[in-house]
1. Going 7 Å from the Cα of Glu46 toward and past its Cβ, which residues in the range 71-108 have a backbone nitrogen under 18 Å from where you end up?
2. List every residue whose amide H lies under 5 Å from the amide H of Lys19, counting only residues 5 or more places away in sequence or on a different chain, with H placed 1.01 Å from N in the peptide plane.
3. Can you give me the long-range amide H partners of Ile135? Hydrogens built in the peptide plane at 1.01 Å from N, cutoff under 5 Å, separation of 5 or more residues or another chain.
4. Report the far tail of the P(r) of the range 82-130, meaning the percent of Cα-Cα pairs longer than 15 Å.
5. Return one whole number: the accessible area per residue of the range 1-131 in Å², for a 1.4 Å probe.
6. Quick one: 3J(HN,Hα) in Hz for the range 102-112, Karplus 6.51/-1.76/1.60 with θ = phi - 60°, rounded, Gly and Pro as x.
7. Pop the C-beta distance of Leu99 and Asp190 into the FRET formula with R0 = 45 Å and round what comes out to the nearest 0.05.
8. Sort the following peptides by mean Cβ neighbour count (other Cβ atoms within 10 Å, averaged over residues), highest first: 84-97, 136-149.
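The values are calculated or read from the model by the stated rules, or taken from the named source; none is laboratory data. Small disclaimer: the values here were computed from a predicted structure and weren't measured. All Cβ positions, glycine included, derive from the backbone under ideal geometry; neighbour counts span all protein chains shown. Each accessible area value is taken on the protein alone, full model and side chains, heavy atoms only, with ligands, DNA and RNA left out. Shrake-Rupley method; radii C 1.70, N 1.55, O 1.52, S 1.80 Å.
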Amino acid sequence: MNLDQIERYEIKTSKMGLKLPVVNDVHLHSIYNPEKEAQSIADKYEENIKSKKNILILGLGFGYHVNKVVEMAKKYHGEDFNIVVIEPNLKVTNDCRELKIVDESILTIHAGMPIQELYEMRSLVEFLTDKPTVIAHPSSFNLYRDYFKDFLSFEAKSDLFSCSRIITNKEISEYLGSFGDFDSIENLIDHKILRQTELKDEKDHVMLAYRHMLLSDF
């Protein structure tokens, strides 16, 4: 399902008195006992949570499973853990926040964002580079399958213009932009910088060091 295909949305109350979102007639949590269901999700990933302190959760819903994962992370890592939640539906997220179900002071939620924008966030990219434990909230993942599959298989743009936009060092960004169109930094180095008769800019040496690191066994 694409986000523009969301036609119906409501909040129901479970048999245990807990609120749950229903999107296009899909209940994102158990209509009977959301807490018990959430515990079973956390239990399924217990060994992964125990072995890694960085955890990526795909799907927020109203966060009952997120809270159980937080409890388990605290059990094994104390306060030394990092949880990031990706939720496509901003409406669900805002309602979850209004109900104050999840404590955002101990985790990060990215909601309603295009995938390209997610991958332009340096902190998120660095988090993903550490290969966190990935926990898919079943109902959310099935509902937004296309979104999450695209997120997991995303290939960031490597053309020079895109790279120069997200580099935080202004001097390096302007340096890369001065070369015009190249489909990647690697090709810029191979076909432009290395072909200069003399390296005049200190940033040329930085680029060569970067290329050496890519080709080495570090």
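1. 71-78
2. Ser14
3. Result for Ile135 returns Leu56, Ile57, Leu58.
4. In whole percent, the share of Cα-Cα pairs in the range 82-130 beyond 15 Å is 49.
5. 52
6. Once rounded to whole Hz, the list reads 10, 8, 6, 6, 10, 7, 10, 10, 10, 10, x.
7. Once rounded, the FRET efficiency stands at 0.25.
8. Values: 84-97: 20.4, 136-149: 18.7.
The densest-packed peptide leads the list: 84-97, 136-149.
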